[in-house]
Amino acid sequence: MHGSTELDRPSIVTKGKAWVYEHRKWCLIVILPTILVAAYYYLIAADQYETEAHFVVRSSETPQAPPSGLGQALSMVGGPSTPSQSDALLVADYLTSHDAVAALQKRLDLVTMFGRARSDPISGLWKTHPAPETLESYYNGKVDVKINSDDGIASLKVRAFRPADAMAIINQLMSLSEERVNEMNQRNYASSVAMARRQVDEAEQAAASIQAQLTNFRQNQGDFNPQTTGQARVALVSQLQSRLSEARAQEAAMAAALSPNSPQLVASRSMVAALSAEVAKENAKLAKGPGNVATGLGTYESLQLRQEFAAKQYDSAAAALQKAREDASKQQLFVLRLVDPNMPVKALYPKRARIVVTVFLTLLLAYGIGWLIAAGVREHSA
């Protein structure tokens, strides 16, 4: 019995060699590459740890009611995204940009984290001083950001060769996203308020210019308030006219009772003449001649009207500035963390079994197609 077993072994080896030789093409095309891939992934490939965080970009403004009816139908067929989704897309674009890569390189030294000292010969970043484009391309293979189109929630995933590295990268990315949102807030606030601020400055300059013109007018005319001066002169003319009427009445009474050369009548006539001249003089100051009250009062009232209009413009511009500030404050964005990243424990990558099975099935399919083509050619030649 023992001797027969020893005789069977060479026959099994011989049969195995014969089978391999007979199916050598299949073994070379399918089996050997599969074995090499399996050897790499199970013996050489470094473990990769993944951590994940969820966040959403929200505005401090009261959220709008969700669309209904036609709005939902349009959103389902690719209609315009909500502001929350648009803001999240901006943040996601930044997290996969060269700016984020450069910031992480300064803070964490990505080249060292992804370098060959912590990885395997194939999956690691071999260059010690890679070009920015090379580092960005490798980084985007380790960082993934996706936005849920239904609720605008962003999912951020980071892979690294050590759990601590993955945790450090994702924490810094969350900090960078918050910093970028703050920068967006500052730019939006500045742009929203800038125009209103310019209108306030223009209104303030206009009001200051009118005030300067009013001051120059008062200095040149030597009159602080032409309105008060005009009223005083009108009152003076009225008094003079009243005295003139009394003087004329007295003159008429004397003329009826006294002789024409009477000293009292002569004095009364002189008084009437003096009062008439004074009334004429004051009337001239009111309506005509240089420095008359009418012209000065018209200029003064025009300046006052322009001053009131400039003041109203300034008040309106100041109110618009305040409203612009309030609206800009309501539109401030912030990153709301929904799921904080966790320290990974188990290596989820590479997917060794899946990769090996996929390679085997792919090679097997390619071999089968090639065999069918070769068989068809042989049959056609025969």
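The values are calculated or read from the model by the stated rules, or taken from the named source; none is laboratory data. Because the structure is a prediction, the values reported are computed rather than measured. Positions of Cβ are backbone-derived with ideal geometry, glycine not excepted, and every protein chain shown enters the neighbour counts.
Okay, residues lined up against (1) surrounded by 15 or more Cβ atoms within 10 Å (Cβ to Cβ); (2) of a type in the set (A, V, I, L, M, F, W, C); (3) modelled with pLDDT of 70 or more:
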{"residue": "L36", "(1), (2), (3)": "no, yes, yes"}
{"residue": "I44", "(1), (2), (3)": "no, yes, yes"}
{"residue": "V56", "(1), (2), (3)": "yes, yes, yes"}
{"residue": "S86", "(1), (2), (3)": "no, no, yes"}
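From the residues in region 106-139 that are farther than 18 Å from P163 by Cα and among the polar types (S, T, N, Q), which one is surrounded by the fewest Cβ atoms within 10 Å (Cβ to Cβ)?
T128
Yes or no: A102 farther than 16 Å from S175 by Cα, modelled with pLDDT of 90 or more and surrounded by fewer than 16 Cβ atoms within 10 Å (Cβ to Cβ)? Even if it seems obvious, please write down each step before you answer.
Working: farther than 16 Å from S175 by Cα: no; modelled with pLDDT of 90 or more: yes; surrounded by fewer than 16 Cβ atoms within 10 Å (Cβ to Cβ): yes.
Considered against the rule, which asks whether it is farther than 16 Å from S175 by Cα, modelled with pLDDT of 90 or more and surrounded by fewer than 16 Cβ atoms within 10 Å (Cβ to Cβ), A102 comes out as no.
Please pick out the residue among Q205, Q172 that is at pLDDT 95 or above and either part of a helix (DSSP H, G or I) or of a type in the set (F, W, Y) (or both). Give the steps one after another, and end with the answer.
Details: Q205 fails: at pLDDT 95 or above.
Unique residue meeting the criteria: Q172.
Within region 208-243, work out how many residues are small (G, A, S) and either modelled with pLDDT under 75 or farther than 23 Å from A311 by Cβ (or both). So that I can check it myself, show each step before the final result.
Taking region 208-243 as the starting set, the residues that turn out to be small (G, A, S) are 208-209, 212, 222, 230, 232, 235, 238, 242.
Within this subset, residues satisfying the condition of being either modelled with pLDDT under 75 or farther than 23 Å from A311 by Cβ (or both) are 222, 230, 232, 235, 238, 242.
Qualifying residue count for the region: 6.
Go through (1) surrounded by fewer than 16 Cβ atoms within 10 Å (Cβ to Cβ); (2) at pLDDT 80 or above; (3) among the hydrophobic types (A, V, I, L, M, F, W, C) and name the single condition V356 misses.
Of everything listed in (1) surrounded by fewer than 16 Cβ atoms within 10 Å (Cβ to Cβ); (2) at pLDDT 80 or above; (3) among the hydrophobic types (A, V, I, L, M, F, W, C), V356 misses just condition (1).
With the structure loaded, tell me whether A375 is assigned to a helix (DSSP H, G or I), out of contact with any Phe, Trp or Tyr (no Cβ under 8 Å at 6 or more places or on another chain) and under 30 Å from L176 (Cβ atoms) or whether it fails that test. Outline the logic, then answer.
Values: assigned to a helix (DSSP H, G or I): yes; out of contact with any Phe, Trp or Tyr (no Cβ under 8 Å at 6 or more places or on another chain): yes; under 30 Å from L176 (Cβ atoms): no.
No.
Hey, does region 262-276 have a residue that's surrounded by 14 or more Cβ atoms within 10 Å (Cβ to Cβ), at pLDDT 75 or above, under 24 Å from S242 (Cα atoms) and not small (G, A, S)?
The answer is yes, given that some residue of region 262-276 is surrounded by 14 or more Cβ atoms within 10 Å (Cβ to Cβ), at pLDDT 75 or above, under 24 Å from S242 (Cα atoms) and not small (G, A, S).
So which residues in region 130-145 are farther than 11 Å from V158 by Cβ and not in a helix (DSSP H, G or I)?
Answer for region 130-145, where residues must be farther than 11 Å from V158 by Cβ and not in a helix (DSSP H, G or I): P130, A131.
Scan region 334-345 and give yes if some residue there is part of a helix (DSSP H, G or I) and farther than 30 Å from Q85 by Cβ, otherwise no.
Within region 334-345, not a single residue is part of a helix (DSSP H, G or I) and farther than 30 Å from Q85 by Cβ.
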